[in-house]
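Only one structure is covered here, and it is reproduced in the block below.
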Amino acid sequence: MILRTVNLTKNFGGLMAVDHVNLEVEEGAVHSIIGPNGAGKTTFFNILTGEISPTEGEVFFQEKKITGLKPHQVAQMRIGRSFQLNSLFKNLTVLENLRLAAHSQHPGHFNFLKDFRSFTSPVGQARKVLEEMEMTPIAAKKAGELSHAGQRTLEVAIALAGNPLLLLLDEPTSGMSPEETIRMIRLIKKIAKQRAMVVIEHNMKLVWSISSVITVLHQGQVIATGPPSQIEKNAEVRKAYLGGDAE
Ligand SMILES: Nc1ncnc2c1ncn2[C@@H]1O[C@H](COP(=O)(O)OP(=O)(O)OP(=O)(O)O)[C@@H](O)[C@H]1O
Ligand SMILES: [Mg+2]
């Protein structure tokens with residue numbers, strides 16, 4: 001188990017955005033979270049990464065309690081996250097964005113004697129991510145000059161720059177064309193081989209093709225968790241979310 005939440009809850013002045021969520025993410029899993037708009041998906045991520053504190057409940061990463069850590073401390077535990085909305089430095093190049101992200105993940109100063117064998121420099125790490133995300137040809141382009149899909153891809157790359165053990169992606173294909181979505185699915189499948197992932201998605205094609213486990217959130221509560229084959233058949237899920245059409 002890489003991640004575990006216990007009764008995780010966020011109450012926004014009476015609105016139960018996240019309501020006693022118990023979620024377990026296995027090592028190596030691609031665990032998708034689906035649910036209608038306002039179900040609490042992004043709020044759940046915001047608690048995991050320390051952007052907001054829960055009203056109640058705990059988060060364990062590799063069985064260490066991380067509830068209440070600040071976002072940079074969570075990042076240093078090697079939990080990477082991409083945001084639903086754009087979070088790029090648009091005037092910097094793709095490579096510069098990645099270098100900054102990789103640099104910010106290295107706590108403290110580089111200790112040559114201690115670290116020189118295991119240390120990957122921010123530049124080295126940025127180049128590795130460029131390769132993995134197939135962005136080397138556009139390394140020198142300004143982030144703001146990329147297409148929408150290019151910017152979304154860069155956001156996933158930035159989340160990878162800290163070499164995370166767990167990667168959290170919030171709607172990685174939003175606003176993409178069918179072709180761009182197919183490319184993103186391929187990239188996600190590739191990067192999932194190296195780490196566990198939790199993916200929030202509305203695109204059912206993507207969810208069905210990448211997930212080992214799917215959790216369905218509805219009004220802050222988990223209404224189902226299981227492999228895709230099981231979720232597809234779940235009557236409550238179809239009623240609440242899939243509208244009887246699980247395509
Ligand atoms: N900072 C906040 N203060 C008050 N209410 C909030 C706050 N953030 C989110 N909410 C509310 O909490 C609920 C859950 O929102 P959240 O953004 O987590 O949903 P979501 O599942 O990510 O939706 P979407 O699919 O539209 O991205 C919504 O009703 C939202 O309006
Ligand atoms: Mg959201």
Checked the stretch 19-34 for anything in contact with a Leu (Cβ under 6 Å, 6 or more places away or on another chain) and away from ligand 1 (no atom under 16 Å from the Cβ); matches are V25
Out of (1) touching a residue at least 12 places away in the same chain (Cβ under 8 Å); (2) open to solvent by 60 Å² or more (accessible area, probe 1.4 Å); (3) aliphatic (A, V, I, L, M), the one A102 does not meet is (2)
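Looking at V30, V25, V94, V18, which is the one that is in contact (Cβ under 8 Å) with a residue 60 or more places away in the chain, within 16 Å of ligand 2 (Cβ to nearest atom), among the aliphatic types (A, V, I, L, M) and open to solvent by less than 70 Å² (accessible area, probe 1.4 Å)?
Working: V30 fails: within 16 Å of ligand 2 (Cβ to nearest atom); V25 fails: within 16 Å of ligand 2 (Cβ to nearest atom); V94 fails: within 16 Å of ligand 2 (Cβ to nearest atom).
When all the criteria are applied, what remains is V18.
For (1) open to solvent by less than 40 Å² (accessible area, probe 1.4 Å); (2) more than 9 Å from ligand 1 (Cβ to nearest atom); (3) among the basic types (K, R), each residue gets a yes or a no:
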{"site": "P36", "(1), (2), (3)": "yes, no, no"}
{"site": "K41", "(1), (2), (3)": "yes, no, yes"}
{"site": "F44", "(1), (2), (3)": "yes, no, no"}
{"site": "E56", "(1), (2), (3)": "no, yes, no"}
{"site": "F61", "(1), (2), (3)": "yes, yes, no"}
{"site": "K65", "(1), (2), (3)": "no, yes, yes"}
If you check P107 against the conditions, is it surrounded by 15 or more Cβ atoms within 10 Å (Cβ to Cβ), at pLDDT below 90 and more than 18 Å from L167 (Cα to Cα)?
no
Residue count, the stretch 156-184 (criterion: more than 16 Å from L95 (Cα to Cα) and either of a type in the set (K, R) or open to solvent by 20 Å² or more (accessible area, probe 1.4 Å) (or both))
11
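Looking only at the stretch 1-15, count how many residues are of a type outside the set (A, V, I, L, M) and open to solvent by less than 40 Å² (accessible area, probe 1.4 Å).
We begin by selecting, within the stretch 1-15, every residue of a type outside the set (A, V, I, L, M); these are 4-5, 7, 9-14.
Those left that are additionally open to solvent by less than 40 Å² (accessible area, probe 1.4 Å): 5, 9-10.
Counting residues in the stretch 1-15 that are of a type outside the set (A, V, I, L, M) and open to solvent by less than 40 Å² (accessible area, probe 1.4 Å) gives 3.
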Restricted to the stretch 161-207, and to residues that are more than 16 Å from ligand 2 (Cβ to nearest atom), among the hydrophobic types (A, V, I, L, M, F, W, C) and in contact with a strand residue (DSSP E or B) (Cβ under 6 Å, 6 or more places away or on another chain), which residue is nearest to L100 (Cα to Cα)?
L167
Can you list the strands (runs of 3 or more DSSP E) lying wholly within the stretch 1-56 that have 2 or more residues being within 13 Å of the chain's Cα centre (by Cα), of a type outside the set (V, I, T) and on the phi < 0 side of the Ramachandran plot?
30-34
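The values are calculated or read from the model by the stated rules, or taken from the named source; none is laboratory data. What you see is a predicted model; the values in this text were computed from it and never measured. Note that each Cβ is placed from the backbone with ideal geometry, even for glycine, and that neighbours are counted across all protein chains shown. Accessible surface areas use protein heavy atoms only, side chains included; no ligands, DNA or RNA. Shrake-Rupley method; radii C 1.70, N 1.55, O 1.52, S 1.80 Å.
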